[in-house]
1. Here are the criteria: (1) over 22 Å from Ser392 (Cβ atoms); (2) in a loop (DSSP other than H, G, I, E, B); (3) open to solvent by 30 Å² or more (accessible area, probe 1.4 Å). Tell me which single one Gly57 does not satisfy.
2. Among Thr253, Thr306, Thr274, Thr311, which is the only one that is more than 25 Å from Val412 (Cα to Cα), surrounded by 13 or more Cβ atoms within 10 Å (Cβ to Cβ) and of a type outside the set (A, V, I, L, M, F, W, C)?
3. What number of residues within segment 423-455 satisfy the criterion of being surrounded by fewer than 16 Cβ atoms within 10 Å (Cβ to Cβ) and under 17 Å from Trp345 (Cβ atoms)?
4. Pick from segment 314-362 the residues that are of a type in the set (D, E, K, R) and either in contact with a Cys (Cβ under 7 Å, 6 or more places away or on another chain) or closer than 20 Å to Asp279 by Cα (or both): which of them is surrounded by the fewest Cβ atoms within 10 Å (Cβ to Cβ)?
5. Yes or no: Lys376 touching a Lys or Arg at 6+ places or on another chain (Cβ under 7 Å), touching a residue at least 40 places away in the same chain (Cβ under 8 Å), of a type in the set (Lys, Arg) and outside any loop (DSSP other than H, G, I, E, B)?
6. Starting from residues that are part of a loop (DSSP other than H, G, I, E, B), open to solvent by 10 Å² or more (accessible area, probe 1.4 Å) and in contact with a Gly (Cβ under 9 Å, 6 or more places away or on another chain), keep the ones in segment 145-189 and report whichever is farthest from Val41 (Cα to Cα).
7. If you go through segment 425-475 one residue at a time, how many are in a helix (DSSP H, G or I) and under 11 Å from Ala339 (Cα atoms)?
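The values are calculated or read from the model by the stated rules, or taken from the named source; none is laboratory data. Since the structure is predicted, the reported quantities are computational estimates derived from the model, not experimental observations. We place every Cβ from the backbone using ideal geometry, glycine too, and count neighbours over all the protein chains shown. When the accessible area is computed, the model is the full protein with side chains, heavy atoms only, and any ligands, DNA or RNA have been set aside. Shrake-Rupley method; radii C 1.70, N 1.55, O 1.52, S 1.80 Å.
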Amino acid sequence: MSVGPADPRYADLVNRGYNRRFVGQPESVRIVHTAAQIAAVLNEAVATGKRVVVRSGGHCFESLVDDPAVQIIIDVSEMRAVYYDAVRQAIAVQSGATLGQVYRTMFLNWGVTIPGGICPEVGVGGHVAGGGYGPLSRRYGLVVDHLYAVEVVTVDATGQARTVVATSDPGDPNRELWWAHTGGGGGSFGVVTRYWFRSPGAAGRPPQQLLPAAPAAMLSKTVTWSWAQLTEADFTRLVRNHGAWNAGNAGSTAPSLHSGLHLNQRAVQPGFTTSIELDVQIDANLPNAEGILDGYIAAVGAGVTTPPTITRTVQPFLKFVFSYETDTGEYGRIKNKSAYLRAPWTDAQIATVYQHLTGPLVGGLLSILLYSYGVKINTVPSAATASPQRDSIMKAWYSVFWADPNLDALNVSQIRAVYRDVHAATGGVPVPDARTDGCYINYPDLDLADPAWNTSGVSAAELYYRGGYPRLQAVKARWDPRNVLRHGLSVALPTRRS
């Protein structure tokens with residue numbers, strides 16, 4: 001189904017993007033339901049020389065889909081079936097399904113789940129291809145650690161589209177295409193139509209045993225320190241304690257709790273004071289779950305003189321999942337950055353963050369979120385998937401949200417400055433070294449490819465994929481040799497040597 005600018009559905013379709021800074025103006029949006037329909041659109045795009053991209057959930061932070069150069073958007077959001085495939089002995093998920101739909105169907109039908117992201121409206125298509133991380137990842141690993149197979153519509157050297165299934169089976173001649181979708185990012189190799197999930201070693205089991213069991217309930221605690229009372233010494237101690245706990249608890253026997261330390265800007269408008277928040281969750285039925293959370297909270301708050309406020313919640317699994325539905329409301333304009341941390345921030349870095357969070361107001365919501373990492377994630381060899389960051393202790397998400405288009409430049413400048421200053425010792429970006437290990441492709445940042453903001457001499461490709469990038473380029477050369485699927489951060493074809 002082709003929807004053009006004169007169609008009343010067009011405005012809804014081109015405004016599906018999560019980041020309101022970017023709204024595309026394609027010649028058409030194609031609503032597809034099958035791999036054959038996708039192949040037809042790709043064949044047409046090649047024949048007419050039109051730029052084509054694919055959209056699943058529309059949650060991308062950058063203009064990778066909503067690019068003025070794009071003429072055709074393939075929208076797979078109507079392809080959202082989740083079912084047990086007895087032939088492949090795996091649970092199949094079409095690429096247009098959202099995480100919320102996947103969690104609900106997997107849980108209600110089989111009592112299982114995948115350790116994916118916390119936002120239920122995120123589309124599976126891009127989330128899985130980028131690696132997939134969420135509240136259960138320290139316990140169960142990344143989503144792609146449970147990916148058995150992928151179906152992709154690719155375009156060959158003659159310009160003809162065809163549907164390919166690639167599995168993790170060692171003897172599969174298409175295995176490298178599977179590997180590229182375990183962290184190589186979406187929109188580089190073809191159009192994903194479905195994924196099949198089962199955990200390693202689970203072949204032959206009934207569907208109730210193919211994937212990790214979903215918790216019956218999640219225990220959550222939120223600890224809040226108000227900026228109205230927080231001193232710089234307390235801020236420093238909080239961040240230092242949090243880093244020390246994560247550095248000491250990223251090994252395979254560490255508690256499988258999930259946490260995020262929200263370092264929010266002190267004020268977003270005159271007279272309005274925010275807070276620093278620590279969110280932590282754990283399977284409520286694990287032995288000593290309450291004690292594990294309380295011990296963690298005590299360790300992070302040790303020596304902090306500002307009194308915290310603590311709230312406690314126990315929710316059934318699906319209620320927990322859907323409690324994180326997000327609507328940015330008027331604050332729908334976004335810029336984001338990321339970093340994998342192999343070691344806690346230094347005191348100098350903490351001081352830099354404090355200065356930026358207490359600096360002049362520019363009309364946005366600036367925040368840095370330090371997620372816990374490691375445990376099961378770090379038991380997987382770096383080259384086993386295209387998600388190579390397998391010895392980090394935390395993941396940092398830098399973000400700023402704002403409402404007024406007239407404040408775009410100020411807010412983008414603000415987050416660029418804090419990121420540059422935190423990573424000043426390594427060219428303004430978290431280069432792979434003893435302390436940091438690059439960036440997360442599902443938090444895409446076009447600045448990494450801009451030498452004005454990345455002065456490290458380390459490419460965006462290396463920051464995202466480390467030494468695996470040439471391998472991804474080889475997959476690109478085989479499965480998309482005409483570079484039909486591309487965007488501002490897509491995997492590039494290898495450079496030809498004379």
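1. Condition not satisfied by Gly57: (3).
2. Values: Thr253 fails: surrounded by 13 or more Cβ atoms within 10 Å (Cβ to Cβ); Thr274 fails: more than 25 Å from Val412 (Cα to Cα); Thr311 fails: surrounded by 13 or more Cβ atoms within 10 Å (Cβ to Cβ).
Just one listed residue meets the conditions, Thr306.
3. Let us first name the residues in segment 423-455 that are surrounded by fewer than 16 Cβ atoms within 10 Å (Cβ to Cβ), namely 424-425, 433-434, 449-452, 455.
After this cut, where a residue has to be under 17 Å from Trp345 (Cβ atoms) as well, the list is 424-425, 433-434.
Summing the residues that are surrounded by fewer than 16 Cβ atoms within 10 Å (Cβ to Cβ) and under 17 Å from Trp345 (Cβ atoms) in segment 423-455 gives 4.
4. Just the residues of segment 314-362 that are of a type in the set (D, E, K, R), to begin with: 319, 325, 327, 330, 333, 335, 337, 342, 347.
Then keep just the ones that are either in contact with a Cys (Cβ under 7 Å, 6 or more places away or on another chain) or closer than 20 Å to Asp279 by Cα (or both); that gives 319, 325, 327.
Values: Lys319: 12, Glu325: 10, Asp327: 7.
Filtering segment 314-362 for residues that are of a type in the set (D, E, K, R) and either in contact with a Cys (Cβ under 7 Å, 6 or more places away or on another chain) or closer than 20 Å to Asp279 by Cα (or both), the one surrounded by the fewest Cβ atoms within 10 Å (Cβ to Cβ) comes out as Asp327.
5. Values: touching a Lys or Arg at 6+ places or on another chain (Cβ under 7 Å): yes; touching a residue at least 40 places away in the same chain (Cβ under 8 Å): yes; of a type in the set (Lys, Arg): yes; outside any loop (DSSP other than H, G, I, E, B): yes.
Taking the combined requirement at face value, the residue satisfies it.
6. Applying the first criterion (part of a loop (DSSP other than H, G, I, E, B)) to segment 145-189 yields 156-160, 168-174, 181-189.
Retained after the next criterion (residues that are open to solvent by 10 Å² or more (accessible area, probe 1.4 Å)): 156-158, 160, 168-174, 186-187.
Now drop any that are not in contact with a Gly (Cβ under 9 Å, 6 or more places away or on another chain), which leaves 186-187.
Details: Gly186: 18, Gly187: 15 Å.
Only one residue tops the list, namely Gly186.
7. Residues of segment 425-475 that are in a helix (DSSP H, G or I), as a first pass: 425-426, 446-449, 460-475.
Pick out the ones that are also under 11 Å from Ala339 (Cα atoms) and you get 463-464.
So the count comes out to 2.
Residue by residue, here is whether (1) under 27 Å from the mean Cα position of the chain (by Cα); (2) at pLDDT 95 or above; (3) over 21 Å from Gly123 (Cα atoms); (4) open to solvent by less than 20 Å² (accessible area, probe 1.4 Å) holds:
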| site | (1), (2), (3), (4) |
| --- | --- |
| Pro5 | no, yes, yes, no |
| Tyr18 | yes, no, no, no |
| Thr34 | yes, yes, no, no |
| Val70 | yes, yes, no, yes |
| Val76 | yes, yes, no, yes |
